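Since the structure comes first, as structure tokens, the remarks are kept for the end.
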Amino acid sequence: MSIKLIASDLDATFLKNDKTFNEVLFQEVLDKLHAQGGQFVVATGNHVQKVREYFKNFSGQYQLIANNGAEVILNGELTHVWSVSEDVPAAVDKLANKYQAGLELGVSFVAANKAFMIVKNPNADHLDFAKKYFENLTLIDSVTEINEPILKVSLVLPRLEYEFMREIKLLLGNKVHVTTSGYGAIDIVNPNVNKANALTYIAETLNVLPSEIMAFGDGLNDLEMLEYVGQPFAMTNSDDELFQHDFSRSVTDNDNDGVLKTILEKL
């Protein structure tokens, strides 16, 4: 059966460790995929503007799942958004105080076109990175300063992410979906948000079957997506948890064009 959609995570999957990718090879993949009526889907925890910066030379040639599935950009238009309930930001912020010593910088609250952050451990380097990573970042002192729907709450808690994830799940239950992309990064989103549900929305809109979809990922925030598609690939540099599942493996790792080389081998 032909492949009609190929979805890929970005960090530690499609992107090299220096946040670049082989643009010549990607164009070759796109040309072959488009020639057989297929489309490429970026499926990432990054916000929309960050993805557009990465793919500035490929405008109009891909579909987009952003913020781990909280937003779907289809044919250049925002077609689906899922936000967290209003009490979630304050609850996450309060629990984060317990883990303050281990936090990298603080807690971020991501809206559709901007982000807010409460800094708990000031660090100039981390703050500079956050300002580049989050779109229109505003520093705040309290969640009461947030005046619009929040799509995702994020924090980086190296070595303690799983403890925090267990606690926030106990605290909020089915009000949220909690996941990690690895390296201590935690995302808290609407309970209906994950990359699989967003990809399902795209597939159903485009009349594509799961068996006609290939997907690539390296972290637990990719798990549902990999379980949903007919041809799932875990990167050779994946979180060990993904290797416990019956997924194929990429031909090489992210730093050596693993996604692109695997696609070209399979198309």
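The values are calculated or read from the model by the stated rules, or taken from the named source; none is laboratory data. Everything quoted here is computed from the prediction, not taken from an experiment. Note: ideal-geometry Cβ built from the backbone for every residue, glycine included; neighbour counts use all protein chains shown. For the accessible areas, the whole protein counts, side chains as well, though only heavy atoms, and no ligand, DNA or RNA atoms are used. Shrake-Rupley method; radii C 1.70, N 1.55, O 1.52, S 1.80 Å.
For segment 76-213, the Cβ-based charge dipole about the Cα centre amounts to some 300 debye (Lys, Arg positive; Asp, Glu negative; other atoms uncharged).
Taking all pairs of distinct Cα atoms, average 1/r, flip it, and tell me the Kirkwood hydrodynamic radius of segment 216-267 in Å to one decimal place.
Working: mean 1/r = 0.0926 Å⁻¹.
Taking the inverse mean of 1/r over all distinct Cα pairs, segment 216-267 comes out at 10.8 Å.
Ordering G60, V259, L25 by Cα displacement along the dipole of the chain toward the positive end leaves G60 in first place; charges were set at the Cβ atoms of Lys, Arg (+1) and Asp, Glu (-1).
Taking every DSSP beta bridge that has both residues in the chain, what percent is antiparallel when rounded to the nearest 5?
Numbers: 26 of 46 bridges.
So the antiparallel bridges in the chain amount to around 55 percent.
In the chain, the portion of solvent-accessible area held by carbon and sulfur atoms comes to 47 percent [1.4 Å probe, whole percent, DNA, RNA and ligands not counted]. Once the 1.4 Å probe is applied to the protein heavy atoms, segment 41-94 comes out at 40 Å² accessible per residue.
At 1.306 mPa s and 10 °C, plugging the Kirkwood radius over alpha-carbon pairs of segment 68-118 into Stokes-Einstein gives what diffusion coefficient in µm²/s?
Numbers: Rh = 12.9 Å.
Approximately 123 µm²/s, per Stokes-Einstein.
Local charge for N194 was computed over the other residues whose Cβ lies under 14 Å away, with Lys and Arg +1 and Asp and Glu -1, and equals -4. Sparsely packed loop sites in segment 105-213 (the chymotrypsin sites (Phe, Trp or Tyr not before Pro) outside DSSP H, G, I, E and B with at most 16 other Cβ atoms within 10 Å) comprise Y183.
With helices as the sole contributors, the chain gives -8500 deg cm²/dmol at 222 nm; each DSSP H run of n ≥ 4 counts as -39500 (n - 2.57), and the sum is divided by every residue. Here are a few candidate values for Kirkwood radius over Cα pairs in Å: (i) 20.9; (ii) 18.7; (iii) 19.4. Which one was actually calculated from the structure I just gave you? It is the one labelled (ii).
Sorted by packing (mean other beta-carbon atoms within 10 Å per residue), highest first, where do 213-219, 251-257 land?
Numbers: 213-219: 27.3, 251-257: 17.7.
Top to bottom by mean Cβ count within 10 Å: 213-219, 251-257.
Working note: Karplus 6.51/-1.76/1.60 with θ = phi - 60° gives segment 176-183 the couplings 9, 10, 10, 8, 9, 9, x, 6 Hz, where Gly and Pro are set to x. Ratio of Rg to Rh for segment 125-264: 1.00 [Cα atoms; Kirkwood radius as inverse mean 1/r over pairs].
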